[in-house]
Amino acid sequence: MIHFRNRPQLAAAPDSTIRIRESDDPDTVLTASPGALRAFLRGVRTGEFDHLAT
């Protein structure tokens, strides 16, 4: 697991999924497949979700 203060934490699970949690709220955990996380991050980098920030 990668640990940062007040940052998302990522961990590989035994079932090959990626677990994501916020260090401020560690009881809430999102689970994604590697492909889904990769597609989401690609969308973030290319600005696909920028319209949601306004």
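Structure values in brief
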{"read-out": "Accessible carbon and sulfur surface of the chain relative to its total accessible area, %, 1.4 Å", "value": "57 percent"}
{"read-out": "Inter-label distance, nm, simple model (7 Å from Cα along the C-beta direction), ALA36/ALA11", "value": "1.9 nm"}
{"read-out": "Sites ASP24 and THR46 - FRET efficiency at Förster radius 25 Å, r taken between beta-carbons, to 0.05", "value": "0.35"}
{"read-out": "Between helix 34-45 and the chain: long-axis angle, C-alpha atoms, 0 to 90°, nearest 10", "value": "40 degrees"}
{"read-out": "Chymotrypsin sites (Phe, Trp or Tyr not before Pro) lying in DSSP loop within the chain, provided at most 12 other Cβ fall within 10 Å", "value": "PHE4, PHE49"}
{"read-out": "Per residue accessible area of the chain, 1.4 Å probe, in Å²", "value": "82 Å²"}
{"read-out": "Geometric extent, Cα atoms of the chain - Rg, Dmax (angstrom)", "value": "12.5, 38"}
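The values are calculated or read from the model by the stated rules, or taken from the named source; none is laboratory data. Computed from a predicted model, the values in this text were never measured in an experiment. Note: ideal-geometry Cβ built from the backbone for every residue, glycine included; neighbour counts use all protein chains shown. When the accessible area is computed, the model is the full protein with side chains, heavy atoms only, and any ligands, DNA or RNA have been set aside. Shrake-Rupley method; radii C 1.70, N 1.55, O 1.52, S 1.80 Å.
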